[in-house]
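In what follows, a structure is listed as C-alpha cells, so that the remarks can point back to it.
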Amino acid sequence: MLSDASPVKQRLLYFLVGAASGAVWFLIPLSFDSGWGLPHGVFGRLAALACSILTGLFISLVFVHPFRFTSLVAFFALPIITVPIAITLFSLFLWVARLALGEHFVPHPAGGDFRLILESYIFYGLFGFISPVLYGLALLNQWIMRTMLQRTI
C-alpha cells in the first residue's frame, strides 16, 4: 500500500504525478496548435513538453496545501486560480524555450513574443470555447492530486 512507503517516496510519487499531469495537459496546446505557438521540430516539441512538465511540477508544489485541505466549495473554486497561473507559467516557460531555440514570431510584435504567447493562451484558455473543458479537467486533476495526497502524505 502507498501509506507503507517512506515519506520521501510518498512525496516523490506525488511530484511524479504532478509531472505526469503537466505532460497530459500538454496534449491540449499540442492538439489545438496549428504550428504557431509551440516551437517547431522534434526538439521544439520536446522543449514544449518539458515546459508542461515544469508547469505541472510547479502547480503541484505551490498548491499542495489547497489541494489537500480546502473545503468542498473552495475546491470547486480553485481552478479559477490554478488555470490562469498554469497558463501564465506555461507561456513563460514556452517563451524561454523559444528564445533558447532561436525561434521568434515573424513579424516580431512590438510587445515581444512573451506577450503574444500569453495573450493567445489566456484568450483561448480562459475566454474561448474550451474554457469549460479546461475547468472540468482542472477539477479532475485536482481530485487526482487530492486523492494522492490523502493516500500518501
Of (1) in contact with a Phe, Trp or Tyr (Cβ under 9 Å, 6 or more places away or on another chain); (2) modelled with pLDDT under 80; (3) in a helix (DSSP H, G or I), Gly37 satisfies every one except (3)
Number of the exception - Leu94 against (1) in contact with a helix residue (DSSP H, G or I) (Cβ under 7 Å, 6 or more places away or on another chain); (2) open to solvent by 80 Å² or more (accessible area, probe 1.4 Å); (3) not β-branched (Val, Ile, Thr): (2)
From the list Leu89, Leu101, which one is modelled with pLDDT of 85 or more and either among the hydrophobic types (A, V, I, L, M, F, W, C) or within 20 Å of Met148 (Cα to Cα) (or both)? Leu89
For Ala47, indicate whether it is more than 16 Å from Asn141 (Cβ to Cβ) and either modelled with pLDDT of 85 or more or under 15 Å from the mean Cα position of the chain (by Cα) (or both). yes
Scanning region 104-122 for residues that are open to solvent by less than 80 Å² (accessible area, probe 1.4 Å) and either closer than 24 Å to Gly136 by Cα or in a helix (DSSP H, G or I) (or both), the one modelled with the lowest pLDDT turns out to be Asp113
Out of the residues in region 123-138 meeting the condition of being over 13 Å from the mean Cα position of the chain (by Cα) and in a helix (DSSP H, G or I), tell me which one is nearest to Leu30 (Cα to Cα). Tyr124
Among the residues of region 55-86, write down those that are polar (S, T, N, Q), in contact (Cβ under 8 Å) with a residue 40 or more places away in the chain and more than 14 Å from Ile144 (Cα to Cα). Thr82
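One line per residue, one yes/no per condition, for (1) touching a residue at least 24 places away in the same chain (Cβ under 8 Å); (2) of a type in the set (A, V, I, L, M):
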| position | (1), (2) |
| --- | --- |
| Val17 | yes, yes |
| Gly22 | yes, no |
| Leu30 | no, yes |
| Gly44 | yes, no |
| Leu49 | yes, yes |
I'm trying to understand the selection: among the residues of region 60-82, which are in a helix (DSSP H, G or I) and open to solvent by less than 20 Å² (accessible area, probe 1.4 Å)? Ser60, Phe67, Phe75, Pro79, Thr82
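The values are calculated or read from the model by the stated rules, or taken from the named source; none is laboratory data. Not measured: the values here are computed from a predicted model. Ideal geometry is used to build each Cβ from the backbone, glycine not excepted, and the neighbour counts take in all protein chains shown. The area values use the complete protein model at the heavy-atom level, side chains included, leaving out ligands, DNA and RNA. Shrake-Rupley method; radii C 1.70, N 1.55, O 1.52, S 1.80 Å.
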